[in-house]
1. About the Cα centre of the chain, how large is the charge dipole given +1 on each Lys and Arg Cβ and -1 on each Asp and Glu Cβ? Please answer in debye to the nearest 20.
2. Calculate how large, on average over all directions, the projected area of the Cα convex hull of the chain is; give the answer in nm² to one decimal.
3. Would you mind telling me the antiparallel percentage of the DSSP bridges in the range 6-136, rounded to 5?
4. Distance in nm between label sites at Ala72 and His85, each 7 Å beyond Cα in the beta-carbon direction?
5. Using mean Cβ contacts within 10 Å as the protection proxy, how do 41-51, 19-29 order, highest first?
6. For the range 71-138, which trypsin sites (Lys or Arg not before Pro) are both in a DSSP coil and crowded by at most 11 other Cβ atoms within 10 Å?
7. How many nm separate the modelled label positions at Leu119 and Ala107, each set 7 Å beyond the Cα in the direction of the Cβ?
Amino acid sequence: MSTPLKLLLVVAAALVDTDGRVLMAQRPEGKALAGLWEFPGGKVEPGERPEETLIRELTEELGITVKEPCLAPLTFASHAYPDFHLLMPLYICRRWEGLPQSREAQALRWMRPGALRDLPMPPADLPLIPFLIDLLGP
């Protein structure tokens, strides 16, 4: 019998601007999966709700303020990596305060949902793209 994989709960946001573009962040050098593009977010800490995690992470990573009513769950990813299983709810956010800027040495890029297919992304993120295209168009 195989050893059960550790379940890792990570939450992510698709920040959508007024032109229907989504903000993507590139994982910086020195981190796992460095160089790949992902939705901003992070690990849910013990005792934290996913929405609280996202609000905290978006402030830490991008310097923006998000209010909980502005976070709408869209879909989730469930992906088995070799040493853990990732469960990642994806929220849509269209309203925030401040201008998103890199605060953790990550590159940022606003992109149309259809163009996300051209980015090198972690395997867990790829199945989320069709949901964004359905919601926002290509």
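1. Details: 14 positive and 18 negative charges, 39 e Å.
Dipole of the chain, to the nearest 20 debye: 180 debye.
2. Working: hull surface 34.9 nm².
Quarter of the Cα hull surface area: 8.7 nm².
3. On the way: 20 of 28 bridges.
Once the DSSP bridges in the range 6-136 are tallied, antiparallel ones form about 70 percent.
4. Here the modelled spin labels are 3.0 nm apart.
5. Details: 41-51: 14.0, 19-29: 16.8.
Result, highest mean Cβ count within 10 Å first: 19-29, 41-51.
6. Working: sites: Arg94, Arg95, Arg103, Arg109, Arg117; in loops: Arg94, Arg95, Arg103.
Loop-located and lightly packed - Arg95.
7. Going from the Leu119 label point to the Ala107 one covers 1.1 nm.
Readers should treat all values here as calculations from the given coordinates under stated rules, not as data from a laboratory. Since we're looking at a predicted model, the values are computed, not measured. Note: ideal-geometry Cβ built from the backbone for every residue, glycine included; neighbour counts use all protein chains shown.
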